[in-house]
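Below is one structure, written out as structure tokens; comments come after it.
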Amino acid sequence: MQLPSLSELNLGLTVPALSLALWACILLVIDLFIPRDRKSVTAWLAAGGVVFAFIANLLVYRDPGVAFMGLFVADEFAGFLNIVVLLTAFIAILMSVDYLKRTGIERGEYYVLLLMTTSGIMFMNSANDLAVVFIALELLSIPLYVLAAFRAPEERSEEAGLKYFILGAFASAFFVFGAALIYGATGSSSLPVIVDAVGRALAGEGSSLLLLLMGSGLILAGLGFKVAVVPFHMWTPDVYEGAPTPVTAFMSVGAKVGGFAALLRILLVALPALTVAEGDAVAGWQTATWVVAALTLILGNIVAISQTNIKRLLAYSSIAHAGYVLMAVAAAGTPGVSDQATRAALIYLMAYMFTNLGAFAVAMAIEKDDGSGTSLDDFKGLGRSRPLLAAIMAVFMLSLTGIPLTAGFVGKWVVFQATIEAGLYTLAVIGVLTSVISAFYYVRVIVNMFLEDGEGDPAAAATPYVQWAIYLTFAGTLVLGIIPSLVTNLSGPVALAVASLVP
Amino acid sequence: MEATGLSLVTVVLFLPLIGFAIMLFMNERTQAGAIRWTALGFSVLTFLLSLGLWALYNPDDPGLQLVQRINWLPDYGISYYVGVDGLSLLLVILTTFIMPVAILASFRSHIFEERGREKLYYLFMMLLEWAMIGVFVVQDLVIFYVFWEVTLVPMYFLIGIWGAEQRIYAAVKFFLYTMAGSILMLLAILYVGINAGTFALPEIIAAIQTGALSFPFDGLFSTQGLLFLGFLIAFAIKVPIWPLHSWLPDAHVQAPTAGSIILAGVLLKMGTYGIVRFCLPLFPEASVAWAPTIATLGVIGIIYGAWVSYAQRDMKKLVAYSSVSHLGFVVVGIFALNAAGIEGGILQMVNHGVSTGGLFLIVGMLYERRHTKAMEAFGGVWKALPLFGAVSLVIVLSSMGLPGLNSFVGEFTILMGTLGSNILGFVFALFATLGVILAAVYMLYFYQKVYMGELDKEEIRNLEPLHWSEKAALVPVLIAIFLIGLQPAPFFRSMDASVDALVRHVDESVPEVVVGNLQMPE
């Protein structure tokens, strides 16, 4: 077998993701020479790596191509999601610097692990082969297991790490098994090859259809775990509550982005033609995603109502938001709508990224050094003691509810539009009704901040870097809400790229 | 019609926001007075400029005027598209008229002594004015929805922060109730927009008129019927149409005086305006088919609201339920689906804004002095404060619909429209008239309890006389009451062309029912 030459590998396209992984390894060594009390230097070096990857990504973005003989694609879809992920990582680093110090868990590995998982997500965004998706999935997950337990020996954090690890291992197994079944049915693990084979497999004997359906079902389950949709959501509240808050914030956005990137790419590039019955127009997985989305929306939003801790509340709310993205995934199963629905999912993820990170940053500013102080009651009186912080949090809550002039509205808007265009009216109605339910618990945070009186100074920990994170996400939330064309233009040709990359 | 330059509508719309921005940078402690005056100044300026809208407006042109359009999200067919026509002109002016009154009413309020945060209060007022004007001038369905939802937020805070004891409950109820209705409208908007390929209302209506676009209609719950309901439920909650009114008494009773004035004066009209602006032209067949049902609910609201008002011992609750009754009138008028009914309905929206705004104003003044809203605590107020008593009488009579004052004109026209309507007819008019009589009963009861009687209570004898800011708030209300009552012609004239065009559009879409057969008397 002829080994490919370096130029055939097309390494240039992989620079954003690869540089981050390499930089993580180098940083691990550099960190040895940084004294214990000056670990924030590691943070800035890590942030520098993220910025480098961001710039590299902007240069590669919009110039689609394949690298590693078709295993890795750099298209606009990946480029857009890389932007989201790198912003997430950057903001998470900003949030971590002071937090790690004041909670006494400042260690250099933290940032290394964060960079590792970030590069894992970026590989996930670009993976064009089931095997690469799996490797990226592991690269994403394993550092996150460690990060979730970073507060060890504190019990809740250890529990979070262990729980996440055991269930995550199951999810990976599901995914691998699903990938194997699809390989069995189609004879390939490369997504663009599978799409051709699906047609042949469906035309052949009946067992291939069964393999394909089971395979895609298992993949849906495996990735569904990563993005935390019902019924694979059980771990979410415990892990979110137990993990250090900046990790939770990163996890609630980053892991979801990676999961949805792989899900969308597998479903839309490899399996768009997977139909259950002869002559069906819509993809066979639409019903499954539809049902999962509906369950996720209903359960996530209803259970969130009874939460009394902001981290748990945001955990359930993140489940609910995964449901909205999944609405767009379901809509993508209708031919002709898939481009628009993909775009809707991407815009939603970006809107959600700003808003949710911001909400976590404010929650962190409230949190005490020992990890307590995150109950909803701790928000009481914030409107008086820290009016600006409270006002910004109110905007985040309104954005999560989907009130206009915030990013959340734009996200919901494009998702609902795609859902209606796909003719999934019942799902759209479920989506809007659960939005009303969500208003109930988001508004309660606002009520506590402004309308109830509290005592003390709840925002003792609003340190400068955290504040920068808050301002950054706040600006993102408002800009995206008021001038959405900035982002909709950015994501304009994204969906097309997914389809046209089939070689 | 398409203009690229700066339209006066845009100026009026964004002026409150400029005030908002300026006040944002003022210091609450050292510049409290300046903040108040800036808020008042901007609201008055907005009002004056909105009168300019009327001056520039050509009443013979039924279409949209003073248009401005800028692409906002071209990929999705969404644009910032504003303008006024006969349906919205008066309501824009009503909004800008009510705001200075409400701000003046807050000048000496006790709420700041209790709750403070005066700056935030006026900031929300400016934000609210911006959003409300936006609702009335915007012609793009999506941007309309944006403004519609944005009005929720400042009102929620006005009730929640500066309200009475049960304020949190009332504020949350208000928020959830309204949002539940309006988010269904979002789905209907999406469906309409996707099928039409644009969200610009005039273009969609034009497409319906040429037959390029149609929503299938073959029954109350067909596609068009459901879309109609999607919009209508959102509007009906806002109006509120019986039986969706239960948020209203809570919100009104708990809101601070200015909040009640704005709620009654403008926010409720967004609902009835929405019906006229969106439901009728977009879904003419469904409107005709649903008209008897909705009008029946309107009539039930008229009688129910009046009946419950009479039973109240709390002044604010009494006025709140009277709103349900008055707006029932407007709903009946609109669903008479002829020129007289709709014009009467629009004028009655303005009248109700002025009269009920005035009622909340005087109730608020009484509350400021006695710190109770119970009618038993008063009596003989006229003897203590003769001028205030006289002014209150005018407002009460106006709310009752006394000839020569504003409400009479609106109610009379609505009744005429109802009688002449092929859809509603005599029975509806009969029951609606009953509402007028009941209104006299509860309003006079209120007046008698509070103002008449012996001056036997020590506290009433020592009632503090009106502050200049309170007088200044009452004067414009009185002027409006007499102006509309004695000189209604120009108000009708401003609506004639647009309403005629609307009625004709509904007529033509529903050939089997001849709807608009009654023209306005010149």
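Take A:M69 and B:A472, extend 7 Å from each Cα along the Cα→Cβ direction, and tell me the distance between the two endpoints in nm.
8.3 nm
What range in chain A is the longest one free of trypsin sites (Lys or Arg not before Pro) that are in a loop by DSSP and have at most 16 other Cβ atoms within 10 angstrom? Please report the intermediate quantities before stating the final value.
On the way: sites that count: A:R62, A:R107, A:K368.
Segment A:108-367 is the longest.
Using only Cα atoms, find the angle between the long axis of helix B:426-451 and the longest principal axis of chain B, and express it within 0 to 90 degrees, rounded to the nearest 10.
The two axes meet at around 20 degrees.
What is the calculated FRET efficiency for B:R370 to B:N71, with r their C-beta to C-beta distance and R₀ = 60 Å, to the nearest 0.05?
Details: r = 55 Å, r/R0 = 0.91.
Efficiency for this residue pair is about 0.65.
Tell me the Rg and the Dmax, in Å, that the Cα atoms of the stretch B:344-397 produce.
Rg and Dmax of the stretch B:344-397, Cα atoms, are 12.8, 38 Å.
Over chain B, what is the mean sequence separation of C-alpha contacts under 8 Å (at least six apart), divided by residue count, expressed as relative contact order in percent? Walk me through the intermediate numbers first.
Working: 923 pairs, mean separation 84.2, N = 522.
Relative contact order of chain B: 16 percent.
Report, in listed order, any pair from A:K311/A:K368; B:K383/B:K449; B:K119/B:K317; A:K101/A:K256; A:K256/A:K412 with a Cα-Cα distance greater than 25 Å. Display every interim value, and only then the final one.
On the way: A:K311/A:K368 13 Å; B:K383/B:K449 13 Å; B:K119/B:K317 28 Å; A:K101/A:K256 27 Å; A:K256/A:K412 17 Å.
Table pairs above 25 Å Cα-Cα are B:K119/B:K317; A:K101/A:K256.
Name all residues of the stretch B:418-452 having a backbone nitrogen under 20 Å from the label point set 7 Å from the Cα of B:A164 along its Cα→Cβ direction, giving them as ranges.
Only B:442-451 pass the distance filter.
Normalised by the number of residues in the stretch A:90-214, what is the relative contact order in percent for Cα pairs under 8 Å and 6+ residues apart? Walk me through the intermediate numbers first.
Working: 115 pairs, mean separation 23.1, N = 125.
In percent, rounded to a whole number, it is 18.
More than 32 angstrom separation, counting every C-alpha pair in the stretch B:8-509; what % is that?
Numbers: 45889 of 125751 pairs.
In whole percent, the long-distance tail amounts to 36.
Under 8 Å for C-alpha pairs, at least 6 residues apart: give me the relative contact order for the stretch A:7-500, rounded to a whole percent.
Numbers: 915 pairs, mean separation 73.7, N = 494.
Here the relative contact order equals 15 percent.
Taking the Cα atoms of the stretch A:7-500 alone, what are Rg (to one decimal) and Dmax (as a whole number) in Å?
For the stretch A:7-500, the Cα-based Rg and Dmax read 21.4, 71 Å.
Rounded to the nearest 10 degrees, what's the angle between the helix A:155-186 long axis and the longest principal axis of chain A, both from Cα atoms, 0 to 90?
10 degrees
Please provide three numbers in whole Å: the alpha-carbon extents of the stretch A:14-147 along the principal axes, with the largest listed first.
If we take the Cα atoms of the stretch A:14-147, the spans are 45, 27, 22 Å.
Between B:N462 and B:L430, 0.36 nm times their residue separation minus their Cα-Cα distance comes to what? If you can, show how the numbers build up before the last one.
On the way: separation 32, 0.36 × 32 = 11.52 nm, distance 4.56 nm.
This chain segment gains 7.0 nm when fully extended.
Using only the alpha-carbon atoms, how far is helix A:245-265 inclined from the longest principal axis of chain A? Give it as 0 to 90 degrees, nearest 10.
The answer is roughly 10 degrees.
Return the FRET efficiency for the residue pair A:M214, A:Y425: r is the Cβ-Cβ distance, R0 is 30 Å, and the value is rounded to the nearest 0.05.
0.55
Highest mean first, how do B:89-100, B:26-37, A:282-293, A:139-150 rank when packing is the count of other Cβ atoms within 10 Å averaged over residues? Spell out each step's value before the answer.
Working: B:89-100: 25.6, B:26-37: 13.7, A:282-293: 21.2, A:139-150: 23.3.
Order by mean packing, descending: B:89-100, A:139-150, A:282-293, B:26-37.
Can you give me the Cα centroid spacing of the stretch A:377-429 and the stretch B:340-369 in angstrom?
The stretch A:377-429 and the stretch B:340-369 have Cα centres separated by 34 Å.
For the protein assembly as shown, what D do you get in µm² per second when you plug the Kirkwood radius from alpha-carbon pairs into Stokes-Einstein at 10 °C and 1.306 mPa s?
Numbers: Rh = 30.3 Å.
D, rounded to a whole number, is 52 µm²/s.
Using every alpha carbon pair in the stretch B:129-277, what percent of pairs falls into each 5 Å bin from 0 up to the bin containing the largest distance?
In order of increasing distance, the bins hold 2, 10, 18, 22, 18, 12, 8, 6, 3, 1, 0 percent.
Every number here is computed from the coordinates shown, using simple stated rules; none is lab data. Just so we're clear, the structure is a prediction, and the values are computed from it rather than from any experiment. Heads up, the Cβs are rebuilt from the backbone with ideal geometry, glycines too, and the neighbour counts pull from every protein chain shown.
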